[in-house]
Amino acid sequence: QVQLVESGGGLVQPGGSLRLSCAASRTTFRVGVMGWYRQLPGKQRALVATINPGGVTNYADSVKGRFTISRDNGVNTVYLQMNTLGPEDTAVYYCNAKRSFIVTTGEAGYWGQGTQVTVSS
C-alpha cells in the first residue's frame with residue numbers, strides 16, 4: 001500500500017554528519033506520520049524521530065539536539081539530518097510511514113528496507 005525508498009546511509013567518522021532521505025510512493029492512502037527508527041546490533045528496533053504533515057515532531061531523548069527530522073509533503077519525502085554522530089549511533093535506520101497523524105501513535109505502519117549507518121574512525 002506504500003513503497004518507501006531510503007537513501008543516504010554510509011560510513012562517517014565520529015563527530016561527522018549524514019542526511020537520510022526516504023520517499024514514499026505508490027501510496028493508496030494519505031500519508032500521515034513519517035519517521036525514522038533504528039536497530040542496533042542485538043537490540044530491538046527503536047524510535048529515532050517522527051513528524052506529521054503539520055510539522056509536529058517527536059524525538060528519542062538520545063538524539064535530541066543532534067538530529068533534525070523534516071519532510072516535504074508535496075513529494076511525501078522525509079529527511080533526517082544527523083549531526084555530531086557517535087559510535088552509539090551505528091545501526092540500521094528504517095523509514096516508516098503511518099496512516100495516523102499523531103506522532104506518538106502506536107500504529108506499526110509500513111517499513112522501508114533499511115539503510116546502514118556506521119560511525120567509526
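The values are calculated or read from the model by the stated rules, or taken from the named source; none is laboratory data. Since this is a predicted model, take the numbers as computed values, not measurements. Cβ atoms come from the backbone with ideal geometry, glycine included; neighbour counts cover every protein chain shown. These area figures cover heavy atoms from the full protein model, side chains too; ligands, DNA and RNA do not enter into them. Shrake-Rupley method; radii C 1.70, N 1.55, O 1.52, S 1.80 Å.
Which shape class applies to region 1-68: rounded if a/c is under 1.5, otherwise prolate when a/b exceeds b/c and oblate if not, where a ≥ b ≥ c are the square roots of the Cα gyration tensor eigenvalues?
Prolate, since a/c reaches 1.5 and a/b exceeds b/c.
How far, in nm, would the chain grow between Gln3 and Glu88 when pulled straight, counting 0.36 nm per residue and subtracting the alpha carbon separation?
Fully extending the segment from Gln3 to Glu88 adds 27.7 nm.
For the chain, with a Gaussian network of springs between Cα atoms less than 10 Å apart, report the residue from Thr50, Thr90, Thr28 with the top mean-square fluctuation.
The residue with the greatest mean-square fluctuation here is Thr28.
Quantify, in whole percent, the carbon and sulfur part of the accessible surface of the chain (1.4 Å probe; protein heavy atoms only).
Answer for the chain is 49 percent, counting heavy atoms of protein chains only.
Specify the residue with the greatest mean-square fluctuation among Gly65, Gly42, Gly86, computed from a Gaussian network of the chain linking alpha-carbon atoms under 10 Å apart.
Maximum fluctuation in the GNM of the chain, among the listed residues, is at Gly42.
Could you tell me the distance between the Cα centroids of region 96-121 and region 18-94, to the nearest Å?
6
Which listed residue (Thr27, Thr104, Pro41) has the Cα farthest towards the positive end of the charge dipole for the chain, taking +1 on Lys and Arg C-beta and -1 on Asp and Glu C-beta about the Cα centre?
Toward the positive end, the furthest listed residue is Thr27.
Using a 1.4 angstrom probe on the protein heavy atoms only, could you order Phe101, Phe67 from most to least accessible area?
Descending accessible area places them as Phe101, Phe67.
With springs connecting C-alpha atoms under 10 Å apart, model the chain as a Gaussian network and identify which of Arg30, Arg38, Arg19 has the largest mean-square fluctuation.
Most flexible of the set in this elastic network: Arg30.
Provide the per residue accessible area, probe 1.4 Å, for the chain, rounded to a whole number of square angstrom.
Accessible surface, normalised per residue, equals 49 Å².
What net charge do the residues around Tyr94 carry, taking every other residue with its C-beta under 10 Å from that of Tyr94, with Lys and Arg at +1 and Asp and Glu at -1?
Its environment carries a net charge of +1.
How high is the FRET efficiency from Ser100 to Ser121, r the C-beta distance, R0 41 Å, rounded to 0.05?
The calculated FRET efficiency here is 0.55.
In percent, what relative contact order does the chain have, based on Cα pairs under 8 Å that are 6 or more apart in sequence?
Taking the mean separation of contacting Cα pairs over the length of the chain, I get 36 percent.
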